[in-house]
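Structure first, commentary second.
The values are calculated or read from the model by the stated rules, or taken from the named source; none is laboratory data. As the structure is a computational prediction, the values presented were derived from the model and not from experiment. Cβ coordinates were reconstructed from backbone atoms using ideal geometry, including for glycine residues, and neighbour counts include every protein chain displayed. These area figures cover heavy atoms from the full protein model, side chains too; ligands, DNA and RNA do not enter into them. Shrake-Rupley method; radii C 1.70, N 1.55, O 1.52, S 1.80 Å.
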Amino acid sequence: MNAEIARLISPHTTARVSLLLLVLLAHLGAAPAAAQRRALIAKERWLGTWAPSLQAAAAPPAAPAVDPVYTVVNRTLRQVARISIGGSRVRLRLSNEYGDRPLILRAVHIARRTGGAAAGPAIAPATDRVVTFDTRSAVVVRPGGYLVSDPIALELPDRADVMISLAIADSARATTRHSLSVQTSWVSAPGDFAGAATFTPDTTLTAWAFVAGLDVVNARASGVVVAFGNSITDGYGAPVDSNARWPDRLAERMLVRGRPALGIVNAGISGNRVLSTVTGPSALARFDRDVLMIAGVTHIVMLEGINDITRGSGAADPRNEVSVEELIAGHRQLIARARERGVRIYGATLTPIGGLDRPAPALRHAKHAAFNRWVRTSGEFDGVIDFERALWDPADTTRMLPAYDVGDHLHPSAAGYAAMARAVDLALFRSRAH
């Protein structure tokens, strides 16, 4: 046996083994550049900086009615995202969650905007970056599919406008969308204009399609606040391209103060309800996707329930009547789910609804008052933000101050959204999550 061992470790054999080891090490060093890249990605701390909550478009109407949902055919769709915090690296998330066909992309680019809203779809060419997915620049997002891009080296300042360009090779009905963007998007003439410095739009949209969010690497930021709500969070009534939603104004306040540095993600869907799926998935159904899955989430501002009350009171079918007890129970479920993840959740009082022309006004007001009383006094949230008090008219606290009312007695004006942002105590965000 000793002779056999001696033969195996003879100088000749040792030389062969050494050669094999060198070849193997060289192969391992060259091969997993991709593996090393994936390992690096896994170590990076990503933070959400912008994410429109997605909803399904309505089914196409019967002919000869015109489909109100736009179908892009062999064109480039360029959309703008006003991020909250910037960073040294960025990644893009795409979704075809509600797709009725594959989303076939011949190219995807991101870049900084130049020239502001007046410049239309113009980008700063020096900032243009090709977006890849597992190193591929042309990809297919299958119906129900979701893709996260490779990290992109692009320095983004706080509150930058990021242009996202999707060169769509085939046809794509904008079924996976955020219908109230309050932001202009542009569709090109036929062709791939994803890397073009600008183009003459064939048409414009005020919706986001197929984009699920942007995340950044930012060493100075400590977390992310998600504003979870309905049209009042979504920014209904704010001027298009003004970035005047209350979460936008809150981001301005927080960044001026400098500390803490937190991303702010607007997870509002116009018409959304807590308990039922009417416009977009219900709050209970979408909470994990739109809040808990946001990278780096540490805090939630919860402003939901006004549609459950205003649309679910005085219902013709008694089974559709929504009680305050049901609404509170729904919020308790969301509070429990946030606590399981160690995320702080702040309750916001519902804004005034006096003067709203809908059925059963006395019942609506009674539910509204009872729910806000629970938010203020129950102690079940980690803190309370009193949006009702911030907007009410001292002469009639059931109504919004006229200067804060966009005119429908439900949605705030731009001045009202600014007042809401001012009502948020920034000290709420100094503590990290539990």
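Numbers below:
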{"item": "Amide H partners (placed H, <5 Å) of Val72, local residues excluded", "result": "Ala172, Arg173, Ala174"}
{"item": "Calculated from backbone phi, Karplus (6.51, -1.76, 1.60) coupling profile of the stretch 297-304 in Hz, x at Gly/Pro", "result": "4, 10, 9, 10, 10, 9, 10, 9"}
{"item": "Residue-averaged 222 nm ellipticity for the chain, from DSSP H runs of 4+ at -39500 (n - 2.57), nearest 500", "result": "-7500 deg cm²/dmol"}
{"item": "Lys, Arg +1 and Asp, Glu -1 on Cβ, resulting dipole of the stretch 199-327 about Cα centre, debye, nearest 20", "result": "500 debye"}
{"item": "Cα-derived Rg over Rh, computed across the stretch 102-228 with Rh taken as Kirkwood radius", "result": "0.94"}
{"item": "Amide H partners (placed H, <5 Å) of Asp405, local residues excluded", "result": "Ser413"}
{"item": "Equivalent ellipsoid semi-axes - Cα gyration tensor, the chain, angstrom", "result": "46, 27, 21"}
{"item": "Share antiparallel - DSSP beta bridges, the chain, percent rounded to 5", "result": "75 percent"}
{"item": "Carbon + sulfur, % of accessible area of the stretch 216-330 - ligands and nucleic acids excluded, 1.4 Å", "result": "52 percent"}
{"item": "Volume of the Cα convex hull of the stretch 252-375, divided per residue and given in Å³", "result": "123 Å³"}
{"item": "The chain - charge dipole about Cα centre, Lys and Arg +1 at Cβ, Asp and Glu -1, debye rounded to 20", "result": "1240 debye"}
{"item": "Protein accessible area in the stretch 365-412, 1.4 Å probe - carbon and sulfur %", "result": "53 percent"}
{"item": "GluC sites (Glu not before Pro), loop per DSSP, at most 15 other Cβ atoms within 10 Å - longest free stretch of the chain", "result": "45-320"}
{"item": "Antiparallel %, DSSP beta bridges [both residues in the stretch 277-434], to 5", "result": "35 percent"}
{"item": "In Hz, Karplus ³J(HN,Hα) per residue of the stretch 143-157 (6.51, -1.76, 1.60; θ = phi - 60°; x = Gly, Pro)", "result": "x, x, x, 8, 10, 10, 6, 5, x, 10, 6, 7, 6, 10, x"}
{"item": "Carbon + sulfur, % of accessible area of the stretch 145-208 - ligands and nucleic acids excluded, 1.4 Å", "result": "52 percent"}
{"item": "Simple label model, 7 Å out from Cα along Cβ direction - Thr397 to Arg136, nm", "result": "6.0 nm"}
{"item": "Per residue value of the accessible surface for the chain (all protein chains in place, 1.4 Å probe), Å²", "result": "42 Å²"}
{"item": "DSSP beta bridge pairing in the stretch 153-292, given as percent antiparallel to the nearest 5", "result": "45 percent"}
{"item": "For Asp150, residues with placed amide H under 5 Å, excluding near neighbours", "result": "Thr132, Phe133, Asp134, Thr135"}
{"item": "Stokes-Einstein D for the stretch 41-191, Kirkwood Rh over Cα pairs, 37 °C, 0.692 mPa s (µm²/s)", "result": "202 µm²/s"}
{"item": "Taking the convex hull of Cα positions in the stretch 349-396, its mean projected area over all directions (nm²)", "result": "3.6 nm²"}
{"item": "Per-residue HN-Hα couplings for the stretch 95-111 [Karplus 6.51, -1.76, 1.60; θ = phi - 60°; Hz; x = Gly/Pro]", "result": "9, 10, 3, 10, x, 9, 7, x, 8, 9, 10, 7, 6, 9, 10, 10, 6"}
{"item": "Long-range tail of P(r) for the stretch 180-318 (Cα pairs > 19 Å, %)", "result": "61 percent"}
{"item": "Positive-end residue, the stretch 333-409 charge dipole about Cα centroid, Cβ charges, pick of Ile345, Pro402, Phe387", "result": "Ile345"}
